[in-house]
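What follows is a single structure, written as structure tokens, with notes after it.
The values are calculated or read from the model by the stated rules, or taken from the named source; none is laboratory data. Here the structure is a predicted model, which is why all the values come from computation and not from measurement. We place every Cβ from the backbone using ideal geometry, glycine too, and count neighbours over all the protein chains shown.
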Amino acid sequence: MDQIIRLWHNSGLYQMEPGQAVMIAIGMLLLYLAINKNFEPLLLVPIGFGGVLANIPGAGLAEHGGILHLFYTVGIESGAFPLIIFMGVGAMTDFGPLLSNPRTLFLGAAAQFGIFVTLMGAVALSAFGVFDFSLADAAAIGIIGGADGPTSIYVASKLAPDLLGAIAVASYSYMALVPLIQPPIMRALTTESERKIKMVQQRHVSHREKIVFPLLLLLLVAFLLPDAAPLLGMFCFGNLMKECAVVDRLRNTTHNSLINTVTIFLGLAVGSKLSADKFLDLTTLGILLLGMIAFSIGTASGVIMAKVMNKISTNKINPLIGSAGVSAVPMAARVSNKLGLETDPHNFLLMHAMGPNVAGVIGSAIAAGIMINYIAG
Amino acid sequence: MDQIIRLWHNSGLYQMEPGQAVMIAIGMLLLYLAINKNFEPLLLVPIGFGGVLANIPGAGLAEHGGILHLFYTVGIESGAFPLIIFMGVGAMTDFGPLLSNPRTLFLGAAAQFGIFVTLMGAVALSAFGVFDFSLADAAAIGIIGGADGPTSIYVASKLAPDLLGAIAVASYSYMALVPLIQPPIMRALTTESERKIKMVQQRHVSHREKIVFPLLLLLLVAFLLPDAAPLLGMFCFGNLMKECAVVDRLRNTTHNSLINTVTIFLGLAVGSKLSADKFLDLTTLGILLLGMIAFSIGTASGVIMAKVMNKISTNKINPLIGSAGVSAVPMAARVSNKLGLETDPHNFLLMHAMGPNVAGVIGSAIAAGIMINYIAG
Amino acid sequence: MDQIIRLWHNSGLYQMEPGQAVMIAIGMLLLYLAINKNFEPLLLVPIGFGGVLANIPGAGLAEHGGILHLFYTVGIESGAFPLIIFMGVGAMTDFGPLLSNPRTLFLGAAAQFGIFVTLMGAVALSAFGVFDFSLADAAAIGIIGGADGPTSIYVASKLAPDLLGAIAVASYSYMALVPLIQPPIMRALTTESERKIKMVQQRHVSHREKIVFPLLLLLLVAFLLPDAAPLLGMFCFGNLMKECAVVDRLRNTTHNSLINTVTIFLGLAVGSKLSADKFLDLTTLGILLLGMIAFSIGTASGVIMAKVMNKISTNKINPLIGSAGVSAVPMAARVSNKLGLETDPHNFLLMHAMGPNVAGVIGSAIAAGIMINYIAG
Amino acid sequence: MESSSLMSEGISLMLFGMGFVFVFLTLLVIVTSLMSKIIIKYEKSAGVLPEDGVPSPSTFIPHHETNAPLQAEADDKTLISVLTAAVHKYRSRHK
Amino acid sequence: MESSSLMSEGISLMLFGMGFVFVFLTLLVIVTSLMSKIIIKYEKSAGVLPEDGVPSPSTFIPHHETNAPLQAEADDKTLISVLTAAVHKYRSRHK
Amino acid sequence: MESSSLMSEGISLMLFGMGFVFVFLTLLVIVTSLMSKIIIKYEKSAGVLPEDGVPSPSTFIPHHETNAPLQAEADDKTLISVLTAAVHKYRSRHK
Ligand code: NA
Ligand code: NA
Ligand code: NA
């Protein structure tokens, strides 16, 4: 009889705290969104499941000695998982559209404005006593506006590990919401005639340019902002493996089994940060709110930048591709394309939008480097 | 000349102890069985080879600083390898047959009887002074009857690390011997007319049911037995990846390169526990004997359970599928099928036997959770 | 303004030391050689890139807490990466040609002469005060002559971690230079009639022989030289997985995604040892010089050994296959074949040269074992 | 541990464990059956999921990279199946 | 940190960060354009790289193992190149 | 270490190491030749192993999942499909 009582006392039902029940429900909600609504399933399925596992009362999976905690320590605290993912993303990125029209890098720069405004917003909310974010917290929250999951996770693991769960969830959720969030902003900021602008066909980019570009980018980072070197270094390495063509077997493994394996464990490890005491907090609401603002401002500034550039250049840019500067590769570029086709069924913007799209990846990695330099440096 | 003497003193021949020679021979025997007799080669090739490597005198591969010891520490002591394997097994498991006939879960429950009888046997042998097993040892030995390699290894690593080598070898050997061990027991316990029972064709199970089932199982585990949450959590995660269809690239990696990689290192790490001083012991004989008993009782109780269920239900079950409740997926189900065809060449039981077969995986994971809860909890 | 000054002080340009600039240039040179000149790209792309990353001033990627340092600690210091690579190489090696003509093992033995002469050379240079190599350093340098990257890295990580970067770079560079280094030596040491020797067609080797061979080799190593057991044990394990045919899914992962993944991280980790203070040293020049000598002597002794064997046997060996004994699989064998065809367009030596070629892998692993036994044992 | 105490612990764990396994799996039978009933009822009105699921575009792992090979693979299969004979001939010449 | 100091730190990081992002990407535009110009000029005289690169034999991972699939792949390429038009049509319909 | 001692250590390691490499590989030649002789003799009476080995079903990694691709692969081998009957006979005898 003692045993039954002990078993009952060890059971989940007995030990369950309200917060854990809510977090399990949130984990299930993430799974629902991922599976039924196709919200970034590759990340949100592991994160959601990890969130459920982390909140099983008495199992201690996310505590010292638990398997999720192990994944977190080995993969995220060390920085390895986000960097390996970045290498994999590099191995999948084609810089051709960017190289054929380097000016689109300005759109990728402008879209990072959301990051810094949001940082400012978080700081202001703290200054007015609404929240209690430190400068480091504010920086990690701002990076959500970069629309780059691994960059967000990397920065959060360095600057605000306690907020990592909420930041990662916000980051991937908003990336999934790109097709909902961006179009109204894009429509509001552009006239129909602007949306109809047809862009010049892209010039052919030679193989040699594509090989040299990641090395050039690496050197520029090395010279100017070493704090961005881990992220952009691994990114450039992956891209060089792709373009140099002599290590195809390494590149194939990188963007298949390696990135898939790391994605699984990264997701579970992020899930381990969805514990009730960290996540069920007004702070999380603040992060979700600020993340949304960051995203919207980033979208808007990309579009506005394109319009500004049209003022000073004769070679017109369709401002719809400006929004792709937030990255969220390739969804943001697809959104640009879709809106272009809506206005003029012959206006294919996809390849043009890929330029600012990958520029946005570089831009937010640079922003991340600055944050780390400023705060942790 | 000194050097030659030192070399000779460092050589394997000079340092070899009789136990090591015997263990090398046992490793070679495992390789022979795996390669020539197809005894679970995917595990017994790495385990056998690891066993040989671990017993090379003077090389210290299984000692602190040795590569096998490293694999053991990183992968088994941490619990990671068996759990990752369980995730992979989940990614390969089809719960369709079980869902179309949930009653077969009772067969999977009954077959776990072998586990507990064996635990009792081990305890009794200790009480009578034949062996010196602790309760934890007895529990780890009993789990052999669960016919689930990774579950056995996981439990042994928690409760009886010293016996891990013998338990793993017994576990996989008996799983390989399923086609020899089970048929006589099945024939002895069934009449020909029982073996001829034709089962109703299975209803179609919808995709949605298959997606919800792993979540349901997870919640039940979370509420009732958190100690089973690591094993069944990872298992359900793998299965959800398979069924949800939106993360196919993750699932493909999981059940191909990831599970293969982990299997190699798991096998080598288990082999590192085949050191002479741990394995060459009457205890090992006891484990082998008790494991065999566990297996046989599990088989018998599965069959008997089916007969009992036929007494109280009009929807008849062919008792031959009861034996599949020990798991040993899918070999036990094939044995059921083979015996069914033997009696009546038109009686295909394979899909019906897959129900209890996967139920047995759940059943022994639950049994494992209870053991850990009772002893370590 | 303070911030800009701090940023400038943290920038790479400000912190760059001349040595780092030179090392970045050397990393770029390695990338150039790998990509444009096909110098062992699979290793030299990651090593070169790792070298650049390691020398980014202020980023600290190769220092404690940096990602490259992490890869080094986890993978090379532990010995895991070179050993896993060796397992993968084993899973790709066909011992058929060697088994059909076991005498070619003597060629693989003779070619190791370069290793020991070079060791002697390094010791002599130290004795005369030119360099300051310890016996352990000299041994690690000598192994370059084995023309086996992973063996070199393994030995260097055990005996001379400070020289690992230079040794690995030398090792892979000279392996890439095989088609340039070997032919003049081979031509100088053979007469045209010797080069025209046609070898008897190889007998068919049965599957069973191929399965037993790795086990036989393992036992011989276990009995005679346990210090070579890690390297040759993993090698034999990979080869057994290949030949036994019952674990094909493990073997496929081993020689695809597993070896590719490890190659990437091994390369980056080696790159982390290309820091200016370790690499920009006269020592490195000495290593490059001695490595070249080792390579040349190994080539020459293989050829001479073949000529000696022809003196005492009637079954003639074409001395051109002797040079393949240095290993550098399969490039050295291809060089033998090419020179054979040059002299007589019908003299195909490739399969004959594969025998000494794989024998060279065994030979240098044995030499490595002796070094470790003698110095660390 | 004393042997009698070990025995009683063993018996206790056996009864208790076996009991719990049955309780748990019985509950699982119940909730599973319930779940199936609910879903079957729901699907009568809502329809079933598409057989292959609906793998979606992802911002995380760009699909413009993986779509091409998948598509190409499918194309290759179709195309190549038409050309089996030619392939065999070609390969037998080149091996 | 005091709230006013936090505010000023935030403003400083915002201005400074956004400024640096622009400076960096502007520099990248400049060096990239320069690089492209140089390479285009160079390739006018030297020719472009072969489209598929020149994967080389490697001593590290013996190719005598991987040659077979590569050969097969090459065969497929040859076959498919005959059918380029059809494939293109097919894809344009399915994307 | 003193330089003369270093020299003598080096010489000793050189002679000794090279000697051992030769001894070891000579032994390997001997046991390999012996092994081959024994196996060739044995196979004269017992027959050789089937060329592809006989990969077996495994309880560890269920094959009912991996059968499909294997099956597809097998389909490619037109020759083998001709020999299905013979293979089945062989397997039923050897299982
Ligand atoms: Na971005
Ligand atoms: Na079981
Ligand atoms: Na060698």
Legend entry - Output for the stretch C:36-48, where each listed residue is more than 14 Å from chain E (Cβ to nearest Cβ) and part of a loop (DSSP other than H, G, I, E, B): none
Inset, instruction - Taking only the stretch A:54-72 into account, find how many residues are closer than 27 Å to A:VAL361 by Cβ and more than 10 Å from chain B (Cβ to nearest Cβ). - result: 1
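Can B:GLU63 be described as closer than 25 Å to C:LEU224 by Cα and charged (D, E, K, R)?
Against the criterion (closer than 25 Å to C:LEU224 by Cα and charged (D, E, K, R)), B:GLU63 qualifies.
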Inset, instruction - Return yes when B:VAL178 is in contact with a helix residue (DSSP H, G or I) (Cβ under 7 Å, 6 or more places away or on another chain) and more than 16 Å from ligand 2 (Cβ to nearest atom) and no when it is not. - result: no
Inset, instruction - Go through the stretch C:134-176 residue by residue and tally those that are away from ligand 3 (no atom under 15 Å from the Cβ) and of a type in the set (Ser, Thr, Tyr). - result: 3
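This table checks each residue for (1) farther than 20 Å from C:MET241 by Cβ; (2) out of contact with any Lys or Arg (no Cβ under 8 Å at 6 or more places or on another chain); (3) at pLDDT below 95.
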| site | (1), (2), (3) |
| --- | --- |
| C:PHE71 | yes, yes, no |
| C:LEU83 | no, yes, no |
| C:MET87 | no, yes, no |
| C:PRO102 | yes, yes, yes |
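Any residue at all in the stretch C:260-274 that is more than 22 Å from the chain's Cα centre (by Cα) and touching a residue at least 40 places away in the same chain (Cβ under 8 Å)? Walk me through how you get there before you give the answer.
Of the residues in the stretch C:260-274, the ones more than 22 Å from the chain's Cα centre (by Cα) are none.
Checked against the condition, which is being more than 22 Å from the chain's Cα centre (by Cα) and touching a residue at least 40 places away in the same chain (Cβ under 8 Å), the stretch C:260-274 yields no hits at all.
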Inset, instruction - Determine if the stretch B:190-207 includes at least one residue that is crowded, with 24+ Cβ neighbours inside 10 Å, part of a loop (DSSP other than H, G, I, E, B) and either hydrophobic (A, V, I, L, M, F, W, C) or modelled with pLDDT of 95 or more (or both). - result: no
Inset, instruction - Output the residues belonging to the stretch C:277-331 that are in contact with a His (Cβ under 6 Å, 6 or more places away or on another chain) and farther than 20 Å from C:THR191 by Cβ. - result: C:PRO330
Legend entry - Identity of the residue in the stretch B:240-278, part of a loop (DSSP other than H, G, I, E, B) and within 14 Å of chain D (Cβ to nearest Cβ), that ends up surrounded by the most Cβ atoms within 10 Å (Cβ to Cβ): B:VAL247
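Of all residues in the stretch C:335-356 being within 11 Å of chain E (Cβ to nearest Cβ) and touching a residue at least 40 places away in the same chain (Cβ under 8 Å), which is surrounded by the fewest Cβ atoms within 10 Å (Cβ to Cβ)? Walk me through it before giving the result.
Residues of the stretch C:335-356 that are within 11 Å of chain E (Cβ to nearest Cβ), as a first pass: C:335, C:350-351, C:354.
So of that shortlist, the ones also touching a residue at least 40 places away in the same chain (Cβ under 8 Å) come out as C:335, C:351, C:354.
Values: C:VAL335: 24, C:MET351: 19, C:MET354: 31.
Top of the filtered list is C:MET351.
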Legend entry - Odd one out for A:PRO150, checked against (1) over 19 Å from A:LEU274 (Cβ atoms); (2) modelled with pLDDT under 95; (3) within 10 Å of another protein chain (Cβ to nearest Cβ): (1)
Inset, instruction - Considering each of C:PHE237, C:PHE223 in turn, give the residue that is crowded, with 24+ Cβ neighbours inside 10 Å and on the phi < 0 side of the Ramachandran plot. - result: C:PHE237
Inset, instruction - Starting from residues that are surrounded by fewer than 19 Cβ atoms within 10 Å (Cβ to Cβ) and assigned to a helix (DSSP H, G or I), keep the ones in the stretch C:279-291 and report whichever is farthest from the chain's Cα centre (by Cα). - result: C:LEU282
Legend entry - C:GLY325 surrounded by 24 or more Cβ atoms within 10 Å (Cβ to Cβ), within 16 Å of ligand 3 (Cβ to nearest atom), closer than 15 Å to C:VAL200 by Cβ and at pLDDT below 95: no
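In the list A:ASN318, A:ASN373, which residue meets the criterion of being more than 14 Å from ligand 1 (Cβ to nearest atom) and under 14 Å from A:ILE143 (Cβ atoms)? Working first, answer last.
Working: A:ASN318 fails: under 14 Å from A:ILE143 (Cβ atoms).
A:ASN373 is the lone residue from the list that is more than 14 Å from ligand 1 (Cβ to nearest atom) and under 14 Å from A:ILE143 (Cβ atoms).
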Legend entry - Subset of the stretch B:327-365 that is part of a helix (DSSP H, G or I), more than 14 Å from B:ARG103 (Cα to Cα) and of a type in the set (Gly, Ala, Ser) - its residue that is farthest from ligand 1 (Cβ to nearest atom): B:GLY340
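So is C:LEU320 in contact (Cβ under 8 Å) with a residue 40 or more places away in the chain and over 26 Å from C:GLY88 (Cα atoms) or not? Give the steps one after another, and end with the answer.
Working: in contact (Cβ under 8 Å) with a residue 40 or more places away in the chain: yes; over 26 Å from C:GLY88 (Cα atoms): yes.
Answer is yes for this residue.
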Inset, instruction - From C:ASN357, C:ASN318, grab the single residue that is among the polar types (S, T, N, Q) and more than 16 Å from ligand 3 (Cβ to nearest atom). - result: C:ASN318
Inset, instruction - Report, ordered by the first and then the second residue, all pairs with beta carbons closer than 6 Å, sequence separation of six or more or different chains, a first member in the stretch B:120-149 that is farther than 15 Å from B:LEU282 by Cβ and free of Cβ contacts under 8 Å to residues at least 24 places away in the same chain, and a second member that is among the small types (Gly, Ala, Ser) and surrounded by fewer than 24 Cβ atoms within 10 Å (Cβ to Cβ). - result: B:ALA127/D:SER3
Inset, instruction - State yes or no: is B:MET292 within 12 Å of another protein chain (Cβ to nearest Cβ), touching a residue at least 24 places away in the same chain (Cβ under 8 Å), of a type in the set (A, V, I, L, M, F, W, C) and in contact with a Leu (Cβ under 9 Å, 6 or more places away or on another chain)? - result: no
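Checking the condition assigned to a helix (DSSP H, G or I), more than 11 Å from chain F (Cβ to nearest Cβ), buried (at least 24 other Cβ atoms within 10 Å of the Cβ) and touching a residue at least 60 places away in the same chain (Cβ under 8 Å), which residue from B:GLY19, B:GLY51, B:GLY75 passes?
None of the other options fit; the residue is B:GLY51.
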Inset, instruction - Scan (1) crowded, with 24+ Cβ neighbours inside 10 Å; (2) under 19 Å from the mean Cα position of the chain (by Cα) for the single condition C:ILE56 breaks and write down its number. - result: (2)
